[in-house]
Amino acid sequence: MQKTVILLKPDCIEKNLAGEALSRFEKAGLKIRACKMMQLSKEILADHYSHLADKPFFPEIVSFMQSSPVIAIALEGRDAIAGVRELLGPTDSKAAPKGTIRGDLGTDKMRNIAHASDSEETAAAELKRFFAPGEIY
Ligand code: ADP
């Protein structure tokens, strides 16, 4: 069993698609182990997107991710990390296949509905980044 972190991004919240996105994960058998709404700080975003710090679109991502609160969720299941990424689809919503969350609900490369941890290492770091130990059940 693995735990993974998803963030329902501002476009997801603004389009009233939080329930739709979460329902797809639940229907795939993933269990909710933590869930909270948060306004992300510049500091937490600099940490979370440190691999993109030198990209020209980095300030735009930070501003987008701060445009409304997000919903941070820890999901648990067998092979949850790869499974959740597969349900989500590739980064660019326009290139994401129909049937994936980004392909069906996303807008473009940046407005792509949700973040999901991409490895065991990032999942462990993100569980710590977004949740206190007592918030994960
Ligand atoms: P993923 O979220 O699929 O793991 P990355 O870690 O590469 O993708 O990027 C993190 C986030 O930064 C993306 O989900 C998206 O919101 C944004 N992003 C990535 N590439 C671009 C781009 N070329 N233009 C605008 N935003 C981007």
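Based on Cα positions only, what radius of gyration and what Dmax would you give for the stretch 2-130, in angstroms?
Rg, Dmax (Cα atoms, Å): 13.5, 38.
Give me the accessible area per residue for the chain, probe 1.4 Å, as a whole number in Å².
Accessible surface, normalised per residue, equals 53 Å².
For the stretch 1-110, which trypsin sites (Lys or Arg not before Pro) pass both filters: DSSP loop (anything but H, G, I, E, B) and at most 11 other C-beta atoms within 10 Å?
78, 98
So how strong a dipole does the chain carry about its Cα centre when Lys and Arg Cβ are +1 and Asp and Glu Cβ are -1, to the nearest 20 debye?
Once rounded to the nearest 20, the dipole reads 280 debye.
Please name which of 101, 70, 131 has its Cα lying farthest along the dipole of the chain towards the positive end, using unit charges on Cβ (Lys, Arg +1; Asp, Glu -1) and the Cα centre as origin.
Sorting the options by dipole projection puts first 101.
For 37, 110, give the ranking by accessible area with the largest first, probe 1.4 Å.
37, 110
To the nearest µm²/s, what D does Stokes-Einstein give for the stretch 43-102 at 37 °C and 0.692 mPa s, using the Kirkwood radius over alpha carbon pairs as Rh?
Diffusion coefficient, whole number: 241 µm²/s.
Putting +1 on Lys and Arg Cβ atoms and -1 on Asp and Glu Cβ atoms, find which of 46, 21, 57 reaches farthest to the positive end of the dipole of the stretch 19-91.
The listed residue farthest towards the positive side: 21.
Using a 1.4 angstrom probe on heavy atoms only, work out the carbon and sulfur share of the accessible area of the stretch 2-130 in %.
52
Students often get this wrong, so check it: of 31/94; 55/94; 31/128, which have C-alpha atoms separated by over 23 Å?
31/94
The values are calculated or read from the model by the stated rules, or taken from the named source; none is laboratory data. Quantities reported herein were computed from a predicted structural model and do not represent experimental measurements. In this analysis, Cβ positions are derived from the backbone assuming ideal geometry, glycine residues included, and neighbour counts consider all displayed protein chains. With ligands, DNA and RNA removed, areas are computed over all heavy atoms of the protein, side chains included. Shrake-Rupley method; radii C 1.70, N 1.55, O 1.52, S 1.80 Å.
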